[in-house]
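Inspection log for the structure reproduced underneath, given as structure tokens.
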Amino acid sequence: MIVNPFDMQVKTMGWCPGCGNYKLLDALKEALHHLALDRRNLVIVSGIGQGAKTPQYVNAHMFNGLHGRALPVAMGVKLSNRNLVVIAESGDGCMYGEGGNHFLHAIRRNCDITVIVHDNMVYGLTKGQASPTSRLGMKTSLQLNGVLLEPFNPIAVAIALDAPFVARANVGDGNQTREIIKQAIAFKGLSVVDIFQPCVIFNKENTYQWFKENTYYLSDDYDPSDRRLAFEKAIETPKFPLGIIYRRDGRELYEDMLGITHTPAYEHTVADAAFAKMLKDYT
């Protein structure tokens with residue numbers, strides 16, 4: 001039996017039976033294990049929501065922050081210690097709604113972090129109102145006559161802002177999701193992975209079967225470095241492409257722009273005596 005160092009013994013989990021979060025959690029832990037990462041050098045940052053509970057079930061460092069605020073914390077962690085592997089993850093409401101402004105500017109800055117979004121097209125924790133990615137016309141507990149607004153397109157927005165790594169996955173395909181997450185984590189730069197998953201309680205329209213029927217994988221000869229083609233794929237309907245949609249190697253990291261070295265912040269010489277004492281007390 002192969003022991004995954006990222007597994008945790010948890011008696012109860014805060015997700016409904018059949019929730020897509022379980023499959024995403026499995027794919028994430030498998031990806032981390034396959035990459036042979038040292039869990040002591042891994043930090044997973046989340047916001048608020050059902051998806052944001054994920055770090056609680058991974059045997060690594062975690063920070064659970066405010067609604068929509070996973071990205072600024074994740075960037076702060078990375079800038080304080082470049083040697084850490086940093087993952088920011090949360091749901092589509094948390095990342096694209098409350099955290100939408102942080103999403104835009106995280107892409108502009110381009111820290112070496114991985115952004116994983118649980119995209120179930122609904123707010124699960126707060127009982128089923130429409131999220132930024134809810135489909136047009138979808139009826140919810142709040143939008144009784146159907147969603148009136150066109151859904152937010154995170155893939156198109158990310159490519160428009162020249163995010164250096166943009167991908168989409170479907171938790172119904174565990175092996176492919178794992179491989180996409182592995183590539184995203186290994187990539188040097190900000191990587192965005194939007195992951196389709198069903199909410200079996202509050203979104204009865206976008207089921208495992210719906211995602212299977214309304215997605216397809218990019219062909220082996222697809223060129224993710226072609227930004228124009230990638231944007232065409234990002235806005236393609238009615239089926240959604242899966243895989244690495246856009247990749248731009250070599251974009252300058254925010255860490256390098258700031259001249260940040262690989263010496264962690266806590267090892268720097270601190271002139272302020274009070275701040276130095278705080279570091280000594282908490283490190």
Report task. Go through (1) in a helix (DSSP H, G or I); (2) more than 16 Å from I107 (Cβ to Cβ) and name the single condition E255 misses. Result -> (2)
Report summary line: If we take the range 157-242, then strands (runs of 3 or more DSSP E) inside it with 3 or more residues that are buried (at least 17 other Cβ atoms within 10 Å of the Cβ) and among the aliphatic types (A, V, I, L, M) are 165-170, 191-196
**Report entry** Yes/no for K233 being of a type in the set (K, R) and modelled with pLDDT under 95
**Finding:** no
Requested in this report: Go through (1) within 18 Å of I180 (Cα to Cα); (2) free of Cβ contacts under 8 Å to residues at least 60 places away in the same chain; (3) surrounded by fewer than 17 Cβ atoms within 10 Å (Cβ to Cβ) and name the single condition V3 misses.
Outcome: (1)
Report task. Those residues that are among the aliphatic types (A, V, I, L, M), under 25 Å from C19 (Cβ atoms), part of a loop (DSSP other than H, G, I, E, B) and out of contact with any Phe, Trp or Tyr (no Cβ under 6 Å at 6 or more places or on another chain), I need them from the range 115-156; list them, please. Result -> M121, L125, A130, L136, M138, L142, L144, V147
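Consider A74 carefully, then state whether it is farther than 20 Å from F196 by Cβ and either at pLDDT 95 or above or of a type in the set (D, E, K, R) (or both). Step through it out loud before you land on a result.
Details: farther than 20 Å from F196 by Cβ: yes; either at pLDDT 95 or above or of a type in the set (D, E, K, R) (or both): yes.
Yes; evaluated as a whole, the condition is true for this residue.
Kindly check whether there is at least one residue in the range 63-74 that is assigned to a strand (DSSP E or B) and surrounded by fewer than 18 Cβ atoms within 10 Å (Cβ to Cβ). Even if it seems obvious, please write down each step before you answer.
First pass over the range 63-74, keeping only residues assigned to a strand (DSSP E or B): 63-64.
Those left that are additionally surrounded by fewer than 18 Cβ atoms within 10 Å (Cβ to Cβ): 63-64.
Yes, there is a match, as at least one residue in the range 63-74 is assigned to a strand (DSSP E or B) and surrounded by fewer than 18 Cβ atoms within 10 Å (Cβ to Cβ).
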Query raised in the report: Could you list, in sequence order, the residues of the range 80-114 that are outside any loop (DSSP other than H, G, I, E, B), crowded, with 18+ Cβ neighbours inside 10 Å and of a type in the set (A, V, I, L, M, F, W, C)?
Result: V85, V86, I87, A88, C94, M95, F103, A106, I107
Report summary line: With the first residue restricted to the range 261-283 and required to be surrounded by 12 or more Cβ atoms within 10 Å (Cβ to Cβ), and the second required to be part of a loop (DSSP other than H, G, I, E, B) and not small (G, A, S), Cβ contacts under 7 Å at 6 or more apart or on different chains are P264/N81; P264/N83; A265/N81; Y266/T283; A276/V270; L279/V270
**Report entry** Among (1) within 21 Å of G91 (Cα to Cα); (2) in contact with a Gly (Cβ under 8 Å, 6 or more places away or on another chain), the one test that Y217 misses
**Finding:** (1)
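Please find, within the range 20-56, the residue that is farthest from the chain's Cα centre (by Cα) out of those that are of a type in the set (K, R) and over 17 Å from C94 (Cα atoms). Let's see the steps before the verdict.
At the first step, the residues of the range 20-56 found to be of a type in the set (K, R) are 23, 29, 39-40, 53.
When the remaining residues are screened for being over 17 Å from C94 (Cα atoms), the result is 23, 29, 39-40.
Details: K23: 14, K29: 14, R39: 18, R40: 20 Å.
Checked the range 20-56; the qualifying residue farthest from the chain's Cα centre (by Cα) is R40.
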Report summary line: If we keep only residues of the range 28-50 that are in contact with a strand residue (DSSP E or B) (Cβ under 7 Å, 6 or more places away or on another chain) and either at pLDDT below 95 or part of a loop (DSSP other than H, G, I, E, B) (or both), then the residue surrounded by the fewest Cβ atoms within 10 Å (Cβ to Cβ) is L37
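The values are calculated or read from the model by the stated rules, or taken from the named source; none is laboratory data. The model shown is predicted, which means the values in this text are computed figures rather than measured ones. Because the Cβ atoms are built from the backbone with ideal geometry, glycine has one as well, and the counts that use them run over all protein chains shown.
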